[in-house]
Amino acid sequence: MNDLAIKIYADIKKGAYKIGETLPDAAALAEKYGVDRKLAREGIGDLVYEGAVERVPGKRSKARVRAPYVWDLVTGNHSFTGEAKRRGQKPGNRILTFEKRPAWPQVARRLKLEEGDEVNVMERLLLADDKPVGLEYSYMPSKFYAGVTREMFEGGKSTFAVMETFGHVSATAVDELSTATLEQREARILGMDTGVPVLIRFRVTLNPDGIPIKGSRAIYLFNPGYSVAI
């Protein structure tokens with residue numbers, strides 16, 4: 001971060017700018033901190049990239065102090081159940097939708113399905129101590145999960161535990177990351193504003209033979225961290 005960004009961040013931590021409060025524009029910040037407008041604009045940009053502030057949807061020239069996520073950084077395999085337990089919180093979920101439908105091209109390609117194959121699609125709101133942590137869509141090839149029902153997942157049961165009852169054990173996973181902005185429905189469910197930038201993770205789970213046995217698209221309210229051997 002540039003020097004101005006560091007000063008503004010320090011003021012945020014001191015409470016000079018409250019959560020949800022819109023920062024002064026670049027011109028006002030430049031005058032307040034005694035810098036030029038270019039440095040002020042770049043400072044705001046640095047704070048956006050650092051996650052300290054966010055752009056106001058529909059008003060790209062404005063930024064506001066971002067409320068911290070329930071969980072800031074989560075590493076490892078991003079298991080919300082495991083992370084909640086590690087933090088001493090009660091994990092849970094609420095199933096929003098559960099249906100069987102033909103696999104559309106994007107899902108079929110990722111899960112290596114044939115034309116006409118179906119997937120069981122489950123949408124869940126993920127909770128930690130009853131607070132939303134994320135929104136997850138699971139895609140389970142119907143040919144691997146004959147007879148699977150919504151009730152099998154009720155009560156906060158682990159998706160992987162249910163998968164194992166069908167004889168499917170997870171070995172590895174491949175993550176695909178992209179950026180998007182929250183649409184109205186998802187923003188309402190998660191208690192956020194429409195247009196807020198988010199990171200989307202699409203994960204393909206493979207069995208020991210390398211066969212895709214599940215896909216998932218997740219919108220998480222935390223910053224995902226990865227550990228990579230180099």
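The values are calculated or read from the model by the stated rules, or taken from the named source; none is laboratory data. These numbers come from a predicted model, not from an experiment. Counting neighbours? That spans all protein chains shown, and the Cβs are built from the backbone with ideal geometry, glycine included.
Looking at the stretch 148-194 only, could you name the residues that are on the phi > 0 side of the Ramachandran plot and exposed (fewer than 11 other Cβ atoms within 10 Å of the Cβ)? Lay out the reasoning, then the answer.
Narrowing the stretch 148-194 to residues on the phi > 0 side of the Ramachandran plot: 155-156, 167, 191.
Residues satisfying the conditions are Gly155, Gly167, Gly191.
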Quiz item: Which of (1) within 22 Å of Tyr226 (Cα to Cα); (2) surrounded by fewer than 18 Cβ atoms within 10 Å (Cβ to Cβ); (3) touching a residue at least 40 places away in the same chain (Cβ under 8 Å) does Arg86 not meet, given it meets every other one?
Solution: (3)
Exercise. Identify all residues within the stretch 172-205 that are of a type in the set (A, V, I, L, M, F, W, C), farther than 14 Å from Ile219 by Cβ and in contact with a Gly (Cβ under 9 Å, 6 or more places away or on another chain); write none if there are none.
Key: Val204
Self-check item: Criterion violated by Asn207 - all others in (1) under 16 Å from the mean Cα position of the chain (by Cα); (2) closer than 23 Å to Gln106 by Cβ; (3) surrounded by 13 or more Cβ atoms within 10 Å (Cβ to Cβ) satisfied
Solution: (1)
Self-check item: Top-ranked residue in the stretch 55-83 [being under 16 Å from the mean Cα position of the chain (by Cα) and among the charged types (D, E, K, R); ranked as surrounded by the fewest Cβ atoms within 10 Å (Cβ to Cβ)]
Solution: Asp72
Exercise. Answer with yes or no whether Pro68 is over 30 Å from Gly134 (Cβ atoms) and in a loop (DSSP other than H, G, I, E, B).
Key: no
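Can you tell me which residues in the stretch 5-49 are over 22 Å from Pro197 (Cβ atoms), in a helix (DSSP H, G or I) and either in contact (Cβ under 8 Å) with a residue 12 or more places away in the chain or among the hydroxyl-bearing types (Ser, Thr, Tyr) (or both)? Let's see the steps before the verdict.
Kept after step one, since they are over 22 Å from Pro197 (Cβ atoms), are these residues of the stretch 5-49: 6-7, 10-11, 13-16, 27-28, 30-39.
From the residues that got through so far, the ones that are in a helix (DSSP H, G or I) too are 6-7, 10-11, 13-14, 27-28, 30-33, 37-39.
Of everything in the stretch 5-49, those that are over 22 Å from Pro197 (Cβ atoms), in a helix (DSSP H, G or I) and either in contact (Cβ under 8 Å) with a residue 12 or more places away in the chain or among the hydroxyl-bearing types (Ser, Thr, Tyr) (or both) turn out to be Lys7, Ala27, Tyr33, Leu39.
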Quiz prompt | Sole residue being assigned by TED's automatic domain parsing to the domain that holds Arg188 and aliphatic (A, V, I, L, M), chosen from Leu113, Leu39, Leu47 | solution = Leu113
Practice problem: Taking the residues in the stretch 195-230 that are within 21 Å of Tyr49 (Cβ to Cβ) and either among the acidic types (Asp, Glu) or part of a loop (DSSP other than H, G, I, E, B) (or both) as candidates, determine which candidate is modelled with the lowest pLDDT. | Solution: Val228
Practice problem: Please name all residue pairs, on different chains or six or more residues apart, with Cβ atoms under 6 Å, provided the first residue is in the stretch 154-175 and is over 21 Å from Arg201 (Cα atoms) and the second residue is β-branched (Val, Ile, Thr). | Solution: His168/Ile213
Exercise. Please verify whether the stretch 55-65 includes one or more residues that are touching a residue at least 12 places away in the same chain (Cβ under 8 Å), touching a strand residue (DSSP E or B) at 6+ places or on another chain (Cβ under 9 Å), closer than 27 Å to Phe202 by Cβ and not assigned by TED's automatic domain parsing to the domain that holds Glu183.
Key: yes
